[in-house]
Amino acid sequence: MQKKEKIYACAQDGCISKFNRPHRLAQHMLTHLKIKTFSCTWDNCFKSYSNKSHLKRHIASTHEHHSNNILHSCPQCLKNYSNRQNLKKHIKLKHENKLFLICDCCKVQFKKKHQLSAHMYIHNGVKSFSCEICEKNFVTLHEKKRHMRSHKIYNCDQCAMKFNQWSKYQKHKKSEHDNKQYICNECGKIYNQRSYIIRHMRIHSNTQHIRSFSCPYTNCFRRYSRNSNLTQHIITKHEDIKHSCTVCQAELSSKAKLNKHLKLHENGEQHKRHPKCLNTGRKERKDKGSMKVTTALKLAGLVSKVTKENCETK
């Protein structure tokens, strides 16, 4: 008959106890609530327990064995115990796991044959475990098994290479076969990820077909080659969303910059604010008066058009 599955789990934090009946779970919860409803009825004994079986064990071990001489004796060594649980534990530890193998020299007992063979090295100096391939000798079976790994050969299933270690075989597969290489047919550059070479190929393709992302706000002509850059531009420039530092009240444009800034406080460093205007020490731009051409404009093929418009306005 199969035992009923334990599906009633204790909800107390840190307790992993489970029970197959709801009343046993309810009984178990008394231990967390420290409610002891089962009190000892013997004179001058004020012990109480949350479990009825614990009370029975207390009475049997403390009171009844003095009056009624109720003892549980081991049938093999005749040791006496106050309850059945302690007797079962004693038999399991002392008598069920018998040691059948005995050393003839020092009478030490062992559970397994290879343990006795390894022990005999102390008396005769003979290493009992030999390698069938190279005839090396070892004291213990564990040493022999570890040595046998050096004779195993790992054949690569994609080339003719052979290895005597699993770690070297895995390293070879990862470096030679697993890592795909994407080579640009135009300039010969090599990339190990497909997304990298797709982004690189935009340099060689027709710039008129390259996708660009324009800012949707009026009077803002910024364009970006990535949608993520456009999103960041809108958040910082138009929606004016800032991430404030709780330590020094500094405002950062992104959460990543805020995390980097907070690490300065953790390391005891001070945040260096960059000058924002000419009055606070910022140098004048070297290209002052000329039109600033961004990479996004170059990729979008709008450099000549913007330059022409700029010249007409002048």
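Values quoted throughout were computed directly from the atomic coordinates according to the rules given, and no laboratory measurement underlies them. From a predicted model like this one, the values you see are computed outputs, not experimental measurements. Every residue, glycine as well, gets a Cβ built from its backbone with ideal geometry; the counts of neighbours run over all protein chains shown.
With 10 Å bins beginning at zero, the pair-distance distribution over Cα atoms of the range 98-163 amounts to 19, 36, 23, 12, 8, 2 %. Return the subset of LYS189/LYS283; LYS6/LYS34; LYS18/LYS56; LYS34/LYS79; LYS145/LYS168 for which the Cα-Cα distance in this structure is over 31 Å, preserving the input order. Listed pairs above 31 Å: LYS189/LYS283; LYS34/LYS79. Mean sequence separation of contacting Cα pairs (under 8 Å, at least six apart), scaled by the length of the range 8-89, corresponds to a relative contact order of 15 percent. Summing +1 for each Lys or Arg and -1 for each Asp or Glu among the other residues whose beta-carbon sits under 12 angstrom from that of HIS63 gives +1.
In this structure the amide hydrogen of LYS136, modeled in the peptide plane, comes within under 5 Å of the amide hydrogens of CYS131, none closer than 5 places in sequence on its chain. In the range 9-79, which chymotrypsin sites (Phe, Trp or Tyr not before Pro) fall in coil by DSSP and have 14 or fewer other Cβ atoms within 10 Å? Loop-located and lightly packed - TRP42, PHE46. You can think of it this way: the chain between ASN229 and SER48 has 58.1 nm of extra reach, that is 0.36 nm per residue less the Cα-Cα gap.
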